[in-house]
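Student: Dumping the structure here so I can ask a few things about it.
The values are calculated or read from the model by the stated rules, or taken from the named source; none is laboratory data. Keep in mind that this is a model prediction, so the values were computed, not measured. Glycine gets a Cβ as well: all are built from the backbone with ideal geometry, and neighbour counts include every protein chain shown. Each accessible area value is taken on the protein alone, full model and side chains, heavy atoms only, with ligands, DNA and RNA left out. Shrake-Rupley method; radii C 1.70, N 1.55, O 1.52, S 1.80 Å.
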Amino acid sequence: DNVANVLTSGRVKIWEKTFEDIKIKPLFGYGLGYYQQDYGEYSHLSVHNLYLYLFVCFGIVGMLFLSIGFYQIFKIIRDSLLIRNNYDVKIVCLTMIIVTLFHGLFAILFSFHAILIIFSISIGLSVKMSQIERVLGEFKD
């Protein structure tokens with residue numbers, strides 16, 4: 001147990017506490033900022049997992065809405081990739097989004113302003129390029 005705690009920087013204990021809290025209020029969660037308010041000796045730490053943090057804050061209902069939103073964004077990006085214009089820019093944006101979301105398994109990335117800005121620009125650029133290509137496609141028809 002002590003080795004696991006050392007190797008994971010205490011994340012396992014924090015994740016166990018987070019799972020306990022999720023079981024208590026699974027439907028709607030506790031709201032933003034809950035982790036800082038109610039985690040006692042761990043209040044100075046982070047849950048170190050974006051998805052657990054969102055789940056404890058927003059519950060099943062909130063995660064469902066977030067999942068639908070991310071699905072819509074990925075659908076737009078996927079459709080945009082089918083059109084070969086600016087393909088390299090789209091791949092870079094998609095890669096940045098995927099890397100950011102994967103890294104969210106081990107940190108709450110959006111507390112770092114630079115990462116939030118890069119993530120937001122990547123999504124915005126991808127969506128805007130898709131919209132422009134759709135409009136240009138309508139003019140061709």
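Student: Could you order the peptides 54-66, 20-32 from most to least packed, using the average number of other C-beta atoms within 10 Å per residue?
Tutor: The packing order, highest mean first, is 54-66, 20-32.
Student: Determine how large the accessible area of Ile132 is when every protein chain is in place; take a 1.4 Å probe and give Å² rounded to the nearest 10.
Tutor: Around 90 Å² of this residue is reachable by solvent.
Student: May I pose another question? Test of understanding: what is the full-extension gain from Arg78 to Thr95, defined as 0.36 nm times their sequence separation minus their Cα-Cα distance?
Tutor: My answer for the length gained is 4.9 nm.
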